[in-house]
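Report on the following structure.
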Amino acid sequence: MNNETYFRLLTLPIVVTSLVLYGSDNPDLRCFIDSANRSIRSRQFDRAINDLIPALRVAKRERASNETVSAILSNLGYSYRMVGRCGDAVTVLTEEMRGWDRGMVALDQARFAGINLLQSYLDCGESRSAARSWSKTLIPIARKLNPTSQALASLLAAGALATSAVKHYQESVNLYNEAITIWE
């Protein structure tokens, strides 16, 4: 097995499903979100992007809740990543993670966005950025999770992938072993 095939196999454990969005009382926002949810469920990510961009504009203009804005950013980043627009995904997910740094994003949303950001960095060939994201942002998130939760296991698998990409193999093996222990 060559390195490229091995690397692609390693990316499988951190693909996560997107969050389901809920709109506030604004009918335009609710319409965009409902349409984006349908598109994501049917894996029509280009259509989801076309709904999520105006949803983000409306959410910001109407001062929607932090959770709504965060979920829109997360789904937009995920959709960008699914269509191969890794640079756009990195930009959007970095914006969402700034919300985590300011205490405006829930733990589960930050975990989801962080994993997608890490994968987006790897898709763009930015392994050092992925490793930096793991150590500076995702490790602190991991410390807040239940030590036996599936959420922690997926985060550890993402960290294993990031550390492997920068050739920190022993750390990567240790993280994978922790994740597997939880999954078992």
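A short reminder: the numbers here are calculations on the coordinates, not readings from a lab. The structure presented is a predicted model; accordingly, all values stated were derived computationally and were not measured. Neighbour counts are summed over all protein chains in view; Cβ atoms, including those assigned to glycine, are modelled from backbone coordinates with ideal geometry.
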>> Cβ contacts < 6 Å: first residue within 13 Å of Val92 (Cβ to Cβ), restricted to segment 109-127; second residue of a type in the set (Asp, Glu), any location; separation 6+ or different chain. Result?
In response: Ala113/Glu96
>> Please verify whether Leu175 is in a helix (DSSP H, G or I), of a type outside the set (Val, Ile, Thr) and within 17 Å of the chain's Cα centre (by Cα), treating the condition exactly as stated.
In response: no
> Which of the residues spanning segment 33-81 are over 22 Å from Asp108 (Cβ atoms) and of a type in the set (Asp, Glu)?
Replying inline: Asp46, Asp51, Glu62
>> Considering only residues that are farther than 20 Å from Met82 by Cβ, in a helix (DSSP H, G or I) and among the β-branched types (Val, Ile, Thr), which ones fall in segment 98-141?
In response: Thr137, Ile139, Ile141
> Of everything in segment 142-154 that's among the polar types (S, T, N, Q), part of a loop (DSSP other than H, G, I, E, B) and in contact (Cβ under 8 Å) with a residue 12 or more places away in the chain, which residue is surrounded by the fewest Cβ atoms within 10 Å (Cβ to Cβ)?
Replying inline: Thr148
> Across segment 155-172, what is the number of residues that are among the small types (Gly, Ala, Ser) and in a loop (DSSP other than H, G, I, E, B)?
Replying inline: 0
> Restricting segment 55-84 to residues that are on the phi < 0 side of the Ramachandran plot and free of Cβ contacts under 8 Å to residues at least 24 places away in the same chain, which is surrounded by the most Cβ atoms within 10 Å (Cβ to Cβ)?
Replying inline: Leu56
